[in-house]
1. Could you say whether any residue in segment 313-323 is within 20 Å of ILE138 (Cβ to Cβ), surrounded by 17 or more Cβ atoms within 10 Å (Cβ to Cβ) and among the charged types (D, E, K, R)?
2. If you go through segment 282-312 one residue at a time, how many are surrounded by fewer than 16 Cβ atoms within 10 Å (Cβ to Cβ), without any contact (Cβ under 8 Å) to a residue 24 or more places away in the chain and either in contact with a strand residue (DSSP E or B) (Cβ under 8 Å, 6 or more places away or on another chain) or farther than 23 Å from ILE332 by Cβ (or both)?
3. Is it the case that ASN413 is buried (at least 16 other Cβ atoms within 10 Å of the Cβ), touching a residue at least 24 places away in the same chain (Cβ under 8 Å) and either assigned to a helix (DSSP H, G or I) or among the basic types (Lys, Arg) (or both)?
4. Please tell me if VAL402 is in contact with a Pro (Cβ under 8 Å, 6 or more places away or on another chain), of a type in the set (A, V, I, L, M), within 21 Å of GLY97 (Cβ to Cβ) and at pLDDT 95 or above.
5. Answer yes or no: is there a residue in segment 302-316 that is part of a helix (DSSP H, G or I) and over 30 Å from ILE388 (Cβ atoms).
6. THR356 fails exactly one of the following numbered conditions: (1) polar (S, T, N, Q); (2) in a loop (DSSP other than H, G, I, E, B); (3) over 30 Å from MET284 (Cα atoms). What is the number of that condition?
7. Has segment 398-410 got at least one residue that is surrounded by fewer than 19 Cβ atoms within 10 Å (Cβ to Cβ), out of contact with any strand residue (DSSP E or B) (no Cβ under 8 Å at 6 or more places or on another chain) and assigned to a loop (DSSP other than H, G, I, E, B)?
8. Any residue that is part of a helix (DSSP H, G or I), touching a strand residue (DSSP E or B) at 6+ places or on another chain (Cβ under 6 Å) and modelled with pLDDT of 90 or more - is there at least one of those in segment 141-158?
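The values are calculated or read from the model by the stated rules, or taken from the named source; none is laboratory data. Only a predicted model underlies this, so the values are computations on that prediction, with no experimental measurement involved. When we count neighbours, we look across all protein chains shown, and the Cβ atoms used for this are built from the backbone with ideal geometry, even at glycine.
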Amino acid sequence: MPSMSRGEAKLRSDQIMNNKYCEYCWPTKRKYHFVFHLEYYLSKFATIFSKPLKYLFPKKKKINQDYLWGPILEFLSLIRIVNFIDEPDETKLYNRGLIFFKEAKKRNLDIKAIKFLGKYINEFKLIYKGKRYYYEGIPLTINQKCLETDDKIKIKTLLYENNIPIAPGKFFTDPKKAIDFGKKTGYPLVVKPNTGSLSHHLTCFINSEEELRKAIKISKIYRPDFIVERYIEGNLYRATVTGRKHVFICQKDKANIVGNGFSSIEELIKIKNNGKKRGEIHQMNTTLHKIPIDDALKRNLKTQGLNLKSILPKGKKIYLQDKFILSQGCDIINCSEDAHLDNKNLFLKIANILETDLAGIDFICGNINKSYKNQETAVLEINSLPYIDMHQYPSHGKPDPVAEIVWDIVLNNLDGEYKPQK
């Protein structure tokens, strides 16, 4: 196992000595990253030793874990480790799964939330026409082959081979090679871990070799492998494709406020937080959340020469956080109806390339209403279990009936032999 650089060691030791949560994992409260490094080396180990087995057992079929999971759950329910709950406490369920549970109840489907050791685990049991099905969060995962999207570089390679616009980039473990690549590619750049979510240890808009070196150190705290890619200017959109037929699109906007000429920043935040659509910061059964007034927000204001008592000019918009995270007060703007047809067809093409009935596509461009062919665009990553409730509960725009459409697809598939929709 390669040794850490002095910079990495100092960064990691500072975190441990100060007994603080990692600032690069914010808002996740995490102190250590050992498990991600272990996961990386174990995956390398497994890859090396799986190759000889392929030659020894070339015709051996992979066991479908979905068929094993159901019997395991049923057995665990006999000894009360697992419980199937008809009327769960909705405040304990994430809205991503809750919207489908509620829609199933409306249709009088026999559905139950699953508890493991007394805690809900975002998994559900459906009994339909005498058969039992188990799924995580979104029922489109029933009988679906697993869409492996954790490895960002594999997905980028597959998309590139199929002429899908992506940000030019490469996978690295060696900082020196990454820095050489960055110099050739040109600034600005982005550095991020090869796997992960919620923008953990991601650094954007890198404009110098010094900044690139620092960003690499930050990423390697998380795990050894990382991606360096060109920064693409534009707005961030989420397109979710269901059944390879329906496309829902929304714009994600970081927590923000707009000045009115007389209210302080603190007052503007409180006004926005009082909106009926926004739940509490750690509330599970909501999509939109209140903007937390915390140290991170205060630091962000300070970098802009502002504080909570500052009064913004009328129409002046400022951002309060650096990450596009729902729990930190992110705005969601529905774009499904207005998005250009070329862009919708691009997202459908991606779902067909990946051979999946469920894909959440993070896409960046200047304007989703303009064809991707006529502007700089890039698919950033694919999510196999997206926060699909964003489309049903936007902060701005008309809600999309996501839960209804998904259950129509699922029940259509279950009524016959399972066939992915074309």
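1. No, that holds for no residue.
2. 7
3. Yes: the conditions hold for ASN413.
4. no
5. Within segment 302-316, one or more residues are part of a helix (DSSP H, G or I) and over 30 Å from ILE388 (Cβ atoms).
6. (3)
7. Yes, the conditions are met somewhere in segment 398-410.
8. Within segment 141-158, not a single residue is part of a helix (DSSP H, G or I), touching a strand residue (DSSP E or B) at 6+ places or on another chain (Cβ under 6 Å) and modelled with pLDDT of 90 or more.
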